[in-house]
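Here's the structure, in structure tokens; my notes come after.
The values are calculated or read from the model by the stated rules, or taken from the named source; none is laboratory data. From a predicted model like this one, the values you see are computed outputs, not experimental measurements. A quick note on method: Cβ atoms are made from the backbone with ideal geometry, for glycine too, and the neighbour counts reach across all protein chains shown.
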Amino acid sequence: MSAVIEARSLSKYYGGERGGRVHAVEDVSFSLEENRIHGLLGRNGAGKTTLMQLVTGQEFATRGEIRVFGASPVENARVLSQLCFIKESQRYPDDFRVKHVLGTAPHFFANWDPAFAAELIERFRVPVNRRMKKLSRGQLSAVGVIVGLASRAPLTFFDEPYLGLDAVARQLFYDTLLADFAENPRTIVLSTHLIDEVSNLLEHVIVIDEGRIIIDADAEELRGSAVDIVGPRGAVDAFVEGREVLHRTGLGGLASATIARLDETERIAAREAGLELAPVSLQQLVVRTTIGDTPDLSKGDNA
Amino acid sequence: MDDSRPIFLQIAEQIENDIISGALPEETQVPSTNELAAYLRINPATAGKGVNLLVDSGILYKKRGIGMFVADGARERLVTQRRDRFREQYLAPLVAEAGKLGITPAQLADMIRAEVRS
Amino acid sequence: MTTITAATAAPAPPVFSRIWRIVRLITANPFTAIVTPWLILGTIFLLNWLIWLIIFANLGADQRSNAQEGIQWSGAAFYIFVYMLVLAVQAINLSFPLALGYGSTRREFTLGAMLTFVLLSVMYAVGMTIGAALEKATDGWGLGGTFFRTIYFGGDEVWYVQLWVYFCWFLFFFFTGTIFAAMYVRWKASGLIVAFAVLAFLVVGGGALLTFTETWHVLWGTIADLGVVGSVSWLLVPAVLSAGLGYLVLRRATPRG
């Protein structure tokens, strides 16, 4: 197992020393293994893009250390030639048409596959001769996605790549990504807040909230780490006695609680107590970890 | 894939189901990890984990350079396994639910017999 | 899940190809840097020629030589330099984020951009020199007019001196655009304000200095002594300074927003 990215106490602050300072990324440490699909999840403004910019040397860290392929990525041609990071907010020269992007990208990515790129242009229906400025949001995202996929860079970042893509195009992206990743394994980092759509693609999940990492886990483990139990309020309360409750909600006589993983015996016990077990999707897990409880409507609570 | 159990377990179970039902006869080839991943829209590593589980338990075996195949005698082994689990997976919930609805054991037996006949 | 080793990267492509690909990036759309300027120059020239036609049609022979002398001071061709300045600004401002997005280093980008400007300067200088030669051969385009051989371009000099003069003008405008663009890329609006403020300070301050020390005549005298060629050659000094400063400014610039 080798780590392709290692961050230690990474921080990025914007602004002056006093009150106006923004802590975009705060004391972040993690390591990403090679040839896996990693998910970088979090709310808008949580710090996902800043983190990716730090890792790709586009931004300078205020504090801490970052190592990509064993070295600092800043102004490091050797490391940078292995990366592809086309942001969703990527700006292009005014005089560029789509064909110019496709014509210049190959010079920067050694593994560029022109046939694959052409195929993707077809599939995503991008007009090759149109000016970048005249593209719709979806077409602009599509170009970014196409460059990211066709570059076959050993370390590829997709920063909220779905913005503007309709559901069909998004599914196309996920399917293409998966198929190409299987044939040409490489390290992929995907940032998104459409968690449920990508949750099955991910192997490793990092959740960032207000610049700090709050979850860093294997996707499979995370998915199974919690379960919802639903049933009559009394039965639920009785069952969760003594257990850590991650989230609780209810309506009338019905209650639901999210608790940590149950083993087989406990699951049978829950069913025998008249409770139903429901899976907690990755999205629900992330949301509940970042915002806490939803109001219990029967008690007239305010969150 | 709504089950709350890990995905790789669900995949393993799905392949087992196909073997038991006869959809995947013994000595036939199982779809590759990449094919499974693409079809189910999951990460290839997860698909691989599920397949490896079955390789470890002797249900599947690997033919180098070709792919994964259903082992000889796999179906029998699985059926035996399933029978053992039948009680807790189907029987126990059935009895519990019947109890909730006030169906007596005798009535339950009648219902079962009628169901089998139809 | 312990990490045993850090994965290592394959070596980067050779330095020159990394710089050359920036040149290709900036000139990806050939129209912008190569075709359009000639079209503009051609159009301005044509307009000028028509204007001379109109003027000379209404003048007598004795008035004509006066008019011709006046045309020698025409600044019509300078629009081409303004275009180059804008080109440099656009290239730096917009190609920078894309180059970084593609995985280029800032060093490579800046060197590549400067190489692009030097090459374009050479190309256009050659083009203008050819224009000047044609102008001489046709005796002022059949009307005794001057467009390529105006005073500012060393009208009467031999071709290789003219080539040099053109080259210096182009380089000056390209790199002036570079420093302004670099300031903007690094510090956005604030950077631009500072750049203009510095420029204003230099110009007004310089003017004030000359006025208070009553040395304007020294300035004019020096220019007269140096002649067109010498004076224009001195433009290389601010050009090189702008290039150097631009390089330093971009070293820590980020593709924000």
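Picking from residues in the range C:4-39 that are farther than 21 Å from residue C:94 by Cα and in contact with an Asp or Glu (Cβ under 7 Å, 6 or more places away or on another chain), the one that is modelled with the lowest pLDDT is C:6.
If you check A:105, A:71 for being in contact with a helix residue (DSSP H, G or I) (Cβ under 9 Å, 6 or more places away or on another chain), within 10 Å of chain C (Cβ to nearest Cβ), surrounded by fewer than 17 Cβ atoms within 10 Å (Cβ to Cβ) and of a type outside the set (Val, Ile, Thr), only one passes: A:71. Select from the range C:199-257 the residues that are at pLDDT 90 or above, closer than 26 Å to residue C:116 by Cα, assigned to a helix (DSSP H, G or I) and among the β-branched types (Val, Ile, Thr) and list them in ascending order. Scanning the range C:199-257 gives C:237, C:240, C:249. None of A:151, A:141, A:89 is within 11 Å of chain C (Cβ to nearest Cβ), of a type in the set (S, T, N, Q) and farther than 26 Å from residue C:20 by Cβ except A:89. Residues that are surrounded by 18 or more Cβ atoms within 10 Å (Cβ to Cβ), farther than 19 Å from residue A:177 by Cβ and within 10 Å of chain C (Cβ to nearest Cβ) do occur in the range A:24-33, at least one of them.
Close contacts from the range B:40-58, counting a first residue that is free of Cβ contacts under 8 Å to residues at least 24 places away in the same chain and buried (at least 19 other Cβ atoms within 10 Å of the Cβ) and a second that is of a type outside the set (Phe, Trp, Tyr) and not in a helix (DSSP H, G or I), with Cβ to Cβ under 6 Å and a gap of 6+ residues or different chains, come to B:43/A:37; B:43/A:201; B:43/A:203; B:45/A:203.
Could you check, for the range A:161-183, whether at least one of its residues is surrounded by fewer than 19 Cβ atoms within 10 Å (Cβ to Cβ), in the same structural domain as residue A:100 (by TED's automatic domain parsing) and over 24 Å from residue A:122 (Cβ atoms)? Within the range A:161-183, not a single residue is surrounded by fewer than 19 Cβ atoms within 10 Å (Cβ to Cβ), in the same structural domain as residue A:100 (by TED's automatic domain parsing) and over 24 Å from residue A:122 (Cβ atoms). Within the range C:55-113, the set of residues being among the β-branched types (Val, Ile, Thr) and either within 14 Å of another protein chain (Cβ to nearest Cβ) or outside any helix (DSSP H, G or I) (or both) comprises C:86, C:89, C:92, C:105, C:110.
So is residue A:21 of a type in the set (Lys, Arg), surrounded by fewer than 19 Cβ atoms within 10 Å (Cβ to Cβ) and at the interface with chain C (Cβ under 7 Å from one of its Cβ atoms) or not? Taking the combined requirement at face value, the residue does not satisfy it. Taking the condition away from chain A (no Cβ under 14 Å), hydrophobic (A, V, I, L, M, F, W, C) and touching a helix residue (DSSP H, G or I) at 6+ places or on another chain (Cβ under 9 Å), does residue B:94 pass? Answer is no for this residue.
Scanning the range C:71-120 for residues that are of a type in the set (Phe, Trp, Tyr), modelled with pLDDT of 90 or more and over 18 Å from the mean Cα position of the chain (by Cα) turns up C:96, C:102, C:109. Residue A:146 satisfies every condition listed in (1) buried (at least 17 other Cβ atoms within 10 Å of the Cβ); (2) without any contact (Cβ under 8 Å) to a residue 12 or more places away in the chain except (2).
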